[in-house]
Amino acid sequence: MGRVEGKIALVTGAASGLGRAIADRLAEEGAHVVLTDIDTQAGEAAAREIGGDAMFLHHDVTDGARWEAVMAAIEDRHGRLDVLVNNAGITLMGSVEDIGWEQWRQTFAVDVDSVYWGCRTGIALMKRTGGSIVNIASGAGIKASAGLFAYNAAKAAVIAATKSIALHCGQSRYGIRANVVAPGAIRTPIIDKVLAQVPDPDAMLKGFEASHPIGFIGQPSDIANIVLYLASDESRFATGAVFSVDGGMIL
Ligand SMILES: NC(=O)c1ccc[n+]([C@@H]2O[C@H](COP(=O)([O-])OP(=O)(O)OC[C@H]3O[C@@H](n4cnc5c(N)ncnc54)[C@H](O)[C@@H]3O)[C@@H](O)[C@H]2O)c1
């Protein structure tokens, strides 16, 4: 038996990076995975490569109506939802003086509104049978950087929102747990997009490594494995917690 055998799992932003690694890992351990993303080509390819009954749906996580449609499609296909991984996110670099209003709004739309919609529509379906919500925040939601103004604020909001959700679901006896994973730097396309926004990417990469006391940055499987634990019944007593998987970055 796999560690999440038979569970129905939705992973957003699953066409790339951490989302893809999480979907792969959950499927390896027996989950029926639903991958969503705005990148249809890569998302469809990922679902094909995972095989079995893995399904891809085009889904902009800022769009509340689309969230309703995604949950309806999951209910039609599987009848329930056991695991929701709110993973899709973006990082726009800049200090409080650099980040324009549009960038601030865009960061909050993708990184925070997604959690609002995902948890509201997800809880509506999950509360019939219970389940596990995993919100991917960041070490940057705990430890600030001058040049990550909008991202710091957005990921801190995800952490606080998750604690409130965990309390509500616990007190309501829904059998739904909600936890945060706060990764340190993990080499995925998001890091490449950040490096592309700065004048000296090599120096920034060395800086990332130096800021992780363990001496290296992580790989997607480091995050996929903690999400697997939180998705499984092994973590049945964990809720409202922030799981830092960051090589000691926030210490
Ligand atoms: N990689 C890291 O170092 C790191 C560290 C801490 C936290 N995180 C967080 O992990 C999550 C995944 O990051 P990643 O490194 O895999 O990034 P990534 O850029 O490789 O993947 C993000 C995915 O989200 C999708 N996406 C972007 N906007 C979307 C939208 N509006 N609707 C639906 N999908 C959308 C992209 O198409 C992409 O497939 C993000 O929330 C990120 O903030 C990453």
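The values are calculated or read from the model by the stated rules, or taken from the named source; none is laboratory data. Please read these numbers as outputs of a predicted model, since none were measured by experiment. For neighbour counting, all protein chains shown are included, and Cβ atoms are generated from backbone atoms with ideal geometry for every residue, glycine included. Each accessible area value is taken on the protein alone, full model and side chains, heavy atoms only, with ligands, DNA and RNA left out. Shrake-Rupley method; radii C 1.70, N 1.55, O 1.52, S 1.80 Å.
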Answer yes or no: is there a residue in the stretch 43-50 that is part of a loop (DSSP other than H, G, I, E, B), more than 13 Å from the ligand (Cβ to nearest atom) and out of contact with any helix residue (DSSP H, G or I) (no Cβ under 8 Å at 6 or more places or on another chain).
no
Of the criteria (1) within 12 Å of the ligand (Cβ to nearest atom); (2) farther than 19 Å from residue 84 by Cα, which one residue 214 fails:
(1)
Please work out which one of (1) within 16 Å of the ligand (Cβ to nearest atom); (2) free of Cβ contacts under 8 Å to residues at least 40 places away in the same chain is the condition residue 171 fails and give its number.
(1)
Residues being open to solvent by 10 Å² or more (accessible area, probe 1.4 Å), more than 10 Å from the ligand (Cβ to nearest atom) and within 16 Å of residue 118 (Cβ to Cβ) - total across the stretch 9-42
0
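Picking from 247, 240, which residue would you name as being in contact (Cβ under 8 Å) with a residue 60 or more places away in the chain, part of a loop (DSSP other than H, G, I, E, B) and within 15 Å of the ligand (Cβ to nearest atom)?
Values: 240 fails: within 15 Å of the ligand (Cβ to nearest atom).
Step by step, each of 247, 240 is checked, and only 247 is in contact (Cβ under 8 Å) with a residue 60 or more places away in the chain, part of a loop (DSSP other than H, G, I, E, B) and within 15 Å of the ligand (Cβ to nearest atom).
Can residue 233 be described as of a type in the set (Asp, Glu) and under 19 Å from residue 4 (Cβ atoms)? It would help to see each step written out before you state the result.
Details: of a type in the set (Asp, Glu): yes; under 19 Å from residue 4 (Cβ atoms): yes.
It is true that residue 233 is of a type in the set (Asp, Glu) and under 19 Å from residue 4 (Cβ atoms).
Looking at the stretch 217-228 only, could you name the residues that are away from the ligand (no atom under 14 Å from the Cβ) and either crowded, with 18+ Cβ neighbours inside 10 Å or over 19 Å from residue 18 (Cβ atoms) (or both)? Don't jump to the end; show me each part of the working.
Here is the first cut: in the stretch 217-228, the ones away from the ligand (no atom under 14 Å from the Cβ) are 225, 228.
The answer is 228, and nothing else.
With respect to residue 4, determine if the residue is more than 15 Å from the ligand (Cβ to nearest atom), among the aliphatic types (A, V, I, L, M), modelled with pLDDT of 95 or more and within 25 Å of residue 234 (Cα to Cα). Steps first, answer last, please.
Values: more than 15 Å from the ligand (Cβ to nearest atom): yes; among the aliphatic types (A, V, I, L, M): yes; modelled with pLDDT of 95 or more: yes; within 25 Å of residue 234 (Cα to Cα): yes.
Here the answer is yes, as residue 4 does meet what is asked.
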Can you go through 70, 110 and tell me which one is in contact with a helix residue (DSSP H, G or I) (Cβ under 9 Å, 6 or more places away or on another chain) and more than 26 Å from residue 145 (Cβ to Cβ)?
70
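Somewhere in the stretch 225-237, is a residue over 24 Å from residue 33 (Cβ atoms) and either outside any loop (DSSP other than H, G, I, E, B) or modelled with pLDDT of 95 or more (or both)?
Filtering the stretch 225-237 down to residues over 24 Å from residue 33 (Cβ atoms) leaves 237.
Remaining after also requiring either outside any loop (DSSP other than H, G, I, E, B) or modelled with pLDDT of 95 or more (or both): 237.
Scanning the stretch 225-237 turns up at least one residue that is over 24 Å from residue 33 (Cβ atoms) and either outside any loop (DSSP other than H, G, I, E, B) or modelled with pLDDT of 95 or more (or both).
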Please count how many residues of the stretch 95-134 are within 15 Å of the ligand (Cβ to nearest atom) and of a type in the set (S, T, N, Q).
5
Residue count, the stretch 175-211 (criterion: closer than 30 Å to residue 31 by Cβ, away from the ligand (no atom under 11 Å from the Cβ) and open to solvent by 60 Å² or more (accessible area, probe 1.4 Å)):
0
Pick out the one residue from 157, 161, 150, 166 that is closer than 23 Å to residue 96 by Cα, open to solvent by less than 20 Å² (accessible area, probe 1.4 Å), in a helix (DSSP H, G or I) and modelled with pLDDT of 95 or more.
150
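Might you check whether a residue that is in a helix (DSSP H, G or I), buried (at least 24 other Cβ atoms within 10 Å of the Cβ) and in contact (Cβ under 8 Å) with a residue 40 or more places away in the chain occurs anywhere in the stretch 129-136?
Narrowing the stretch 129-136 to residues in a helix (DSSP H, G or I): none.
No, that holds for no residue.
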Matching residues, the stretch 51-94, being within 15 Å of the ligand (Cβ to nearest atom), more than 17 Å from residue 117 (Cβ to Cβ) and part of a strand (DSSP E or B):
56
Enumeration of residues in the stretch 214-251 that are charged (D, E, K, R) and out of contact with any His (no Cβ under 8 Å at 6 or more places or on another chain)
222, 233, 234, 236
